[in-house]
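**Q** One structure, as structure tokens, below. Some questions next.
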Amino acid sequence: MRELPMKIYDNSPIYLQNLLTTIEGYRKTKSRYGHIYFEFLRALGNRSDSDKAAGRTHQQEEMQKLIAYAVDRSPFYQEFYKGIDLESIRTVEDLKKLPVLEMDMLQKNIASFYTLPESAAVVSYILDHSGMPLKFLITKEDMQRHMAFLDFFKNRHGATNLEMKRASFSSNRFIPKRQRKKVYWRDNHSAKQRLYSSYYCNEKNAGAYVENLDTYKPDFIDGLPSAICELAKYINQNKIILSFQPIAIFTTEEKLTPECRKEIEAAFDSPVHHHFAFTEGAPFIAECAKGKMHYNPGSGIIEATEDKEMIITGFNTYGTPLIRYKTGERIDLAIEEERCACGSAHPVLRQLQGREEDFLQSQSRGKFTALYMSMAGSSFSSAIRKIQFSQTEPDAIDVMIEAAESYTAAMTESIQEELVYIFGEDMKYHIRIVEEIPPNKKNKFRLVINNVN
């Protein structure tokens, strides 16, 4: 809710917060679900994912359009591709003629990647797994196409966004810190959505969440698997029989373990379908009906190096083009001839390792995965070069920051406030400014280090 005056929101009664949430939801719905969304959703429905040749042709056409646009609009790519015969880049195999975009190259030069002014873009702040904050500018067209990919995936599993009641477990901050009532949800009536805060979704509060969820009776559930799993454990341990059965449960942003999937499916008597969210605008990766992970070639290209490092080209990155970007994740692509039992010709990902699901532990609120630390540091993108969170004592969180010139003491206070919101006031926080954050013994950087568990 960056656009809303948060002080007014935080000091309003819950019924008014629901109204403000609905107003903000309506604004976002108008931005995300315009005519481009509906046209693209129809196009996805008309496209056969079993026709491999047609899929490859479409992928190459989209690749050529993105490269031409990036070179025409992005100062970085104008320089990066200088001297390269771009007319010779016609196929996915030809893409290897272009240099790989490394993470530090993106971070140091990101302002020159942009192809539109910030005033015309959807702005997204992320903290990548190397601890570097990044600000992405996203075109409204890219945003609507991304939402179409996501909703097409959900449609295939029986869920229709905006038409069905939806329960979303979110890491956005919409529960005021001062709140004492166990009402950890807000309503976005414009999208038939109830938002459940994942920050308070722990063993102590699980009963309140389950009771409300059972009263709400959503048609489908989506969001963070760690939060949904916490409720599933409570339901299973207390042998609760819910009065509703969701069509499906869609998880994302965190790793979904086999144990967590089993808990969720047993508790809700519904199938779980996972999709991955890596860098902004990365190719869309989602689970099919047979439990295999596919990436949609209409959304981008995924390559793998010899040591299985993932390189992506995202077709929904026109605002901040990503072409042959090495993400730092590791991936195992299936052999070219392998066809999934679901009938899709879309490439199968045998194994997508990603980062380890590192977490830090609060004394009173349970575990929080790296996603939460990423959100805590992402909004300081202009003032932080790199950040790392670690824990060596059960009651303390340590933070190291490589500060940029614009960093101020007030930002240290703001980061501490973010951490208090996540972990609570019964923890100690040690924030240090350092010249350089040291890598681990393998010369690799980790955003989160847990030396307690």
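The values are calculated or read from the model by the stated rules, or taken from the named source; none is laboratory data. Predicted, not measured: the structure shown is a model, and the values here were computed from it. We place every Cβ from the backbone using ideal geometry, glycine too, and count neighbours over all the protein chains shown.
**Q** So, in the stretch 237-267, of the ones that are under 24 Å from the mean Cα position of the chain (by Cα) and more than 23 Å from Tyr372 (Cα to Cα), which residue ends up surrounded by the most Cβ atoms within 10 Å (Cβ to Cβ)?
**A** The selected residue is Pro246.
**Q** Output the number of residues of the stretch 217-236 satisfying the condition of being more than 24 Å from Phe276 (Cβ to Cβ), touching an Asp or Glu at 6+ places or on another chain (Cβ under 9 Å) and surrounded by fewer than 19 Cβ atoms within 10 Å (Cβ to Cβ).
**A** Selection size over the stretch 217-236: 1.
**Q** Which residues, counting only those in the stretch 1-59, are modelled with pLDDT under 95, among the acidic types (Asp, Glu) and over 24 Å from Arg194 (Cβ atoms)?
**A** Within the stretch 1-59, Asp49, Asp51 qualify.
**Q** What number goes with the only condition from (1) in contact (Cβ under 8 Å) with a residue 60 or more places away in the chain; (2) crowded, with 21+ Cβ neighbours inside 10 Å that Pro283 does not pass?
**A** The single condition Pro283 does not satisfy is (1).
**Q** Ile323: in a strand (DSSP E or B) and within 20 Å of the chain's Cα centre (by Cα), yes or no?
**A** Considered against the rule, which asks whether it is in a strand (DSSP E or B) and within 20 Å of the chain's Cα centre (by Cα), Ile323 comes out as no.
**Q** I need every pair where a residue in the stretch 372-394 that is outside the structural domain of Glu254 (by TED's automatic domain parsing) and over 17 Å from Val420 (Cα atoms) has its Cβ under 7 Å from the Cβ of a residue that is assigned to a strand (DSSP E or B) and of a type in the set (Lys, Arg), sequence separation at least 6 or different chains.
**A** Short answer, once both residue conditions are applied: Ser381/Lys135.
**Q** Out of everything in the stretch 107-143 that is among the charged types (D, E, K, R) and either buried (at least 22 other Cβ atoms within 10 Å of the Cβ) or touching a residue at least 60 places away in the same chain (Cβ under 8 Å) (or both), what residue ends up being nearest to Ser374 (Cα to Cα)?
**A** Applying the filter and picking the extreme gives Asp128.
**Q** Would you say Glu287 is assigned by TED's automatic domain parsing to the domain that holds Ser74, within 16 Å of the chain's Cα centre (by Cα), of a type outside the set (A, V, I, L, M, F, W, C) and modelled with pLDDT of 90 or more?
**A** So Glu287 passes the test.
**Q** Tell me which residues, restricted to the stretch 83-109, are among the hydrophobic types (A, V, I, L, M, F, W, C), at pLDDT 95 or above and assigned to a helix (DSSP H, G or I).
**A** Hits for the stretch 83-109 are Leu86, Leu95.
**Q** Further question: For the structure I just gave you, tell me whether Thr408 is in contact (Cβ under 8 Å) with a residue 40 or more places away in the chain and on the phi < 0 side of the Ramachandran plot.
**A** no
**Q** Something else now. Just wondering, is there one or more residues in the stretch 144-165 that are touching an Asp or Glu at 6+ places or on another chain (Cβ under 9 Å), under 28 Å from Ile384 (Cα atoms), crowded, with 18+ Cβ neighbours inside 10 Å and not aliphatic (A, V, I, L, M)?
**A** No, there is no match, as no residue in the stretch 144-165 is touching an Asp or Glu at 6+ places or on another chain (Cβ under 9 Å), under 28 Å from Ile384 (Cα atoms), crowded, with 18+ Cβ neighbours inside 10 Å and not aliphatic (A, V, I, L, M).
**Q** Hey, another quick one. For the stretch 405-448, how many residues meet the condition of being surrounded by fewer than 16 Cβ atoms within 10 Å (Cβ to Cβ) and assigned to a strand (DSSP E or B)?
**A** 4
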